[in-house]
Amino acid sequence: MCGIVGYIGTRQAYPVIIKGLHRLEYRGYDSAGVALINENGELNVYKAKGKVADLERFASQQDTKGTIGIAHTRWATHGEPNQVNAHPHFSQSEELAIIHNGIIENYALLKQSLIEHGFHFRSQTDTEVLVQLIEFIKKTNGTDLFTAVQLALSQVIGAYAIAVVEKSNPNVLIGARKGSPLVVGIGDDEFFLASDATPIVEYTNQVVYIGDEEIVKLERGKELKIKTISNVEKTPEIKKLEMTLTQLEKGGYPHFMLKEIFEQPKTLSDSMRGRVNIEKNNIALSGFIDNKDKFLNAGRIIITACGTSWHAGLIGKYAIEEFARIPVEVEYSSEFRYRKPVISPNDIVIAISQSGETADTLAAVELAKSKGAFIFGICNVVGSSIPRNTHSGCYTHVGPEIGVASTKAFTAQVTVLTMLALLIGKEKGTLCDEKYLKIVSELGKIPDKITDILSQNDTIAQFAKTFTYAQNFIYLGRGYNYPVALEGALKLKEISYIHAEGYPAAEMKHGPIALISQEMPVVVLAPNAGMYEKVLSNIQEIKARKGKIISIVTQGDTEVKRLSDYTISIPETEECLVPLLAAIPLQLMAYHIAVVKGTDVDQPRNLAKSVTVE
Ligand code: AGP
């Protein structure tokens, strides 16, 4: 949550950091602000409630000159989302300005002590406390900014990625992180700093991922300097960015979400590239091969994740238990981290996260690691915190996912989990060769089958219009399709603001059936693989109560179609792979309903792409 960006170099900073803010806007959009030091040595701070575009409108009337600047897009935690609470925050003397992503947990205590020392506060934020503390330490100890930040952070409990500038020293920009991500880009006589690499990729592909509890000094004409909070010097590890600029643009689509839905044939091929060998009908995953014994001897697998990634984890459970015969538990990271779970050294913990930065999942990883479990990460953002904190793992390789509603990351997570389940099963001997070969061959056909489903986009857009009146939706599925029902409901909720619930189809008669009326659209996943006959009975029950049925069926189906008001057909596939196909029409349906309702599809209200606070 919250995006931070900074620049120091020879260019004008404002255009660089504003563009950077647009790229980071997916991280929060309650307010935005910039701080710039101009050539007269003035430190100008401009802030606006709302989106980056609101800030731009305001700043267009102001002096935005300067070759050093920091900028922030906020997802509010402490203090309501207004202009006063927007970042950057000044210190008391207005000599320093700070931007911050994270939470300072002991801010109340620090604030009280600063008030006793004569400090006044303008905002309700925890961030302002930090900049005041830095100023207090700087003045009382007579240190430079770098040391003052270092000493201040040693008093802070919580999570942060910060950037600080000092009016009287426009040659230095200080950054630091603990728990929230921070990347530095190294150009010619210039440095960039950001929450992720998206604001940097346009200018350089040389980056350094700043580690936890590290402080970085970006100084004109000098090498990058990194120290830990406890003053240990670190050698910067320069990495090459693989990201491209076109991946960050809409490419002619009206929304990133639609672009990302349509990218899935390619992203799934990318997830499988070098891993699924169609000619030899084989799967190779280096994260598995390197740790084969651990997987083969695992007593239990615990999957931990949040939101959509948790839904992917549930599908992973079905696949791993079916093929590898290892018991799997799927845990919400936020519950797992606090409920004193029983974890033993022969447990494998799989952490799933698109962003690789979700605070609860990261904490769950740390907890499981401290109990001696082997941790395997399934993440998308290369170099993010979760893959850096796991023993091994597997990237999903779908490129940047910018729409807040996760789509292509979900199908790639399911693909990776399926590959893993098949591999363990094959190596353990719990999955026979014939079935293994059949599923691997079918996996290779999934991208083309998704293309086939995407060709129904216009039809889905048409009938989606019919449902914008609805206040509630129910999504039903069984077996592998139960998590797909949950995911379909989540997609609809988050972008169209229509209340939706996912349910195991057979559970309906234990309560939710009371909700069914002719006003209630019910989306039923009824492919021919799995418990077709049983789902058919569930559909009859809905029909008898006059519910509106939208069914997802296998091509050629007539029986379910006859009972449904609307039907979307998907190609035939293996049961364990149906979620990869069935998820697509549900993504499209949620998208089109939201578009007709006129909501902000890519940046739905109250949400942020990367939830770096608990
Ligand atoms: C998905 O559409 C959501 N925006 C959200 O549930 C998301 O999946 C969740 O916050 C987990 O994020 P992660 O995969 O980056 O850890």
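The values are calculated or read from the model by the stated rules, or taken from the named source; none is laboratory data. None of these values were measured; they are calculated from a predicted model. Neighbour counts are summed over all protein chains in view; Cβ atoms, including those assigned to glycine, are modelled from backbone coordinates with ideal geometry. The area values use the complete protein model at the heavy-atom level, side chains included, leaving out ligands, DNA and RNA. Shrake-Rupley method; radii C 1.70, N 1.55, O 1.52, S 1.80 Å.
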Report task. Let me know the shape class of the range 79-170, please: from the alpha-carbon gyration tensor, a ≥ b ≥ c as square roots of the eigenvalues, rounded when a/c is under 1.5, otherwise prolate if a/b is greater than b/c, or oblate. Result -> rounded
Report task. Order the peptides 79-88, 353-362, 233-242 from the highest to the lowest mean number of other Cβ atoms within 10 Å of their residues. Result -> 353-362, 79-88, 233-242
Requested in this report: Determine the shape class of the range 563-611: with a ≥ b ≥ c the square roots of the Cα gyration tensor eigenvalues, call it rounded for a/c under 1.5, and otherwise prolate if a/b is greater than b/c, oblate otherwise.
Outcome: oblate
Query - Accessible area (Å², 1.4 Å probe, nearest 10) - Ile186 - result: 40 Å²
Query raised in the report: Once you sort the root eigenvalues of the Cα gyration tensor of the range 346-493 as a ≥ b ≥ c, which label holds: rounded (a/c under 1.5), prolate (a/b larger than b/c) or oblate (the other case)?
Result: oblate
Query raised in the report: Near the amide H of Gly356, under 5 Å away, which other amide H atoms are found, from residues 5 or more places off or on another chain, if H is placed in the peptide plane?
Result: Asn380, Val381
Query raised in the report: What are the residues whose amide H is under 5 Å from the amide H of Val276, where those residues sit 5 or more places off or on another chain and H is modelled from the backbone?
Result: Ala284
Report task. Apply the Karplus parameterisation 6.51 cos²θ - 1.76 cosθ + 1.60, with θ equal to phi minus 60°, to every residue of the range 286-295 and state each ³J(HN,Hα) to the nearest whole Hz, in sequence, with x for glycine and proline. Result -> 4, x, 7, 4, 5, 10, 3, 4, 4, 5
Report summary line: If every Lys and Arg gets +1 and every Asp and Glu gets -1 at its Cβ, then about the Cα centre the chain yields a dipole, in debye to the nearest 20, of 620 debye
Requested in this report: Could you state the accessible area per residue of the range 379-449 in Å², with a 1.4 Å probe and every protein chain left in place?
Outcome: 30 Å²
Report task. Please tell me which of these pairs span more than 19 angstrom C-alpha to C-alpha: Lys138/Lys222; Lys139/Lys167; Lys465/Lys548; Lys408/Lys438; Lys408/Lys428? Result -> Lys138/Lys222; Lys408/Lys438; Lys408/Lys428
Report summary line: On the accessible surface of the chain, probed at 1.4 Å with all protein chains in place, carbon and sulfur together account for a percent value of 49 percent
**Report entry** Relative contact order %, the range 324-369, counting alpha carbon pairs below 8 Å whose residues are six or more apart
**Finding:** 48 percent
Report summary line: Sorted by chain and number, the residues with a modelled amide H under 5 Å from that of Thr77, at a separation of 5 or more or across chains, are none
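With every protein chain present, what is the per residue accessible area of the range 225-302 (1.4 Å probe, Å²)?
Solvent-accessible surface per residue comes out at 57 Å².
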Report task. Tally the DSSP beta bridges in the range 238-349 and give the antiparallel ones as a percent, rounded to 5. Result -> 20 percent
Query raised in the report: Out of the DSSP beta bridges found with both residues in the chain, what percent are antiparallel (nearest 5)?
Result: 60 percent
Query raised in the report: So, in Å, what gap is there between the alpha-carbon centers of the range 212-240 and the range 300-362?
Result: 34 Å
Report task. Pop out the ³J(HN,Hα) list for the range 67-76 in order, Karplus 6.51 cos²θ - 1.76 cosθ + 1.60 with θ = phi - 60°, rounded to Hz; leave Gly and Pro as x. Result -> 9, 9, x, 10, 8, 8, 10, 10, 10, 5
Requested in this report: Using θ = phi - 60° and the Karplus relation 6.51 cos²θ - 1.76 cosθ + 1.60, list the HN-Hα couplings for the range 395-411 in order, rounded to whole Hz, with x at every Gly or Pro.
Outcome: 6, 8, 6, 9, x, x, 9, 9, x, 4, 6, 6, 10, 5, 5, 4, 5
Report task. Would you work out the relative contact order for the chain, in percent, from Cα pairs under 8 angstrom that are 6 or more residues apart? Result -> 12 percent
